[in-house]
Ligand SMILES: [Zn+2]
């Protein structure tokens, strides 16, 4: 085969593969953070240390177009060129988001949306999952088995088991409880696993004034239910109530409409999507780690959890999600 024919064939193959590939359209990546801190234990990888967070945001500001979450759908329609769009979000409403993360975000001009679990606002105790993790992972010794009268049927053997496995087993049971049941279970657990709780005020949920102080031109507040339940365990009516009541509580604090939401634990089904819609939400985030295209359903916006990884690696993960984008 002559070199000219060979080149021609290569060109035809390239063109055919380009035509066969449907146009993916523009896509964005939504990032999910929780804490900007260095806690003693972090079994779910929810924390990024402040200096690393600073470098991650600096990289994002340099390589991508950082946009507020609620502007993403419109920007995806309007913007057809330039670097990919990225939106930053935080879940739960930790105080370090205001004290540590906000100044760093502001320094880099990075917008962010904060999903707040309204039932925990102003609590002087840590989020229950953090307290549970510290009590199980930091206890000098554990009883051979942990059983709680307030959680019938739960018996977790600890002898010979990895502490993280013990933690996850208890967490899986407590996560299914109603809020009052879980409070009772945690009170019992404090007796079973006593120990001085390290007092890190930045690990506590924000108060009303702090949520109001977080909001600003670059920063939006959005709903994350009242009690942080696994929504798929609830009736449609209860799901709608959890979402709507958190929206109403935030609207009272902020004196403006709230229409974005994140599913706790990323746990949702078709009923949860309907509940979000019925509760007045226009956009809802999951924890499915993929990119967000302009045809993606607005009540199923995927998000990538950011862990303690170097900025370069975070950039590669974002780029690979953008490249994997397929038409929806
Ligand atoms: Zn959450």
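Numerical summary
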item: Only listed residue being within 16 Å of the ligand (Cβ to nearest atom) and surrounded by fewer than 21 Cβ atoms within 10 Å (Cβ to Cβ), chosen from 199, 249, 223; result: 249
item: Count of residues meeting criterion [out of contact with any helix residue (DSSP H, G or I) (no Cβ under 8 Å at 6 or more places or on another chain) and within 14 Å of the ligand (Cβ to nearest atom)] in the range 102-132; result: 2
item: Residues being away from the ligand (no atom under 16 Å from the Cβ), at pLDDT 95 or above and either at positive phi or out of contact with any strand residue (DSSP E or B) (no Cβ under 7 Å at 6 or more places or on another chain) (or both) - total across the range 72-101; result: 2
item: Matching entry among 44, 123 (being surrounded by fewer than 23 Cβ atoms within 10 Å (Cβ to Cβ), under 21 Å from residue 262 (Cβ atoms) and in contact with a strand residue (DSSP E or B) (Cβ under 6 Å, 6 or more places away or on another chain)); result: 123
item: Boolean, residue 182 is assigned to a helix (DSSP H, G or I) and either touching a helix residue (DSSP H, G or I) at 6+ places or on another chain (Cβ under 6 Å) or within 18 Å of residue 94 (Cα to Cα) (or both); result: yes
item: Subset of the range 233-261 (residues that are farther than 13 Å from residue 279 by Cβ and at pLDDT 95 or above); result: 235, 252, 253, 254, 255, 256
item: Within the range 126-145, tally of residues that are touching a strand residue (DSSP E or B) at 6+ places or on another chain (Cβ under 8 Å) and surrounded by fewer than 17 Cβ atoms within 10 Å (Cβ to Cβ); result: 2
item: Answer from 312, 323 - the residue that is closer than 15 Å to residue 57 by Cβ and exposed (fewer than 15 other Cβ atoms within 10 Å of the Cβ); result: 312
item: Selected residue (only one of 68, 126, 143 is within 22 Å of residue 32 (Cβ to Cβ) and modelled with pLDDT under 95); result: 126
item: Where a residue in the range 194-218 is modelled with pLDDT under 95 and its partner, wherever it lies, is exposed (fewer than 15 other Cβ atoms within 10 Å of the Cβ), with Cβ under 7 Å and at least six apart; result: 198/40
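The values are calculated or read from the model by the stated rules, or taken from the named source; none is laboratory data. The structure presented is a predicted model; accordingly, all values stated were derived computationally and were not measured. We place every Cβ from the backbone using ideal geometry, glycine too, and count neighbours over all the protein chains shown.
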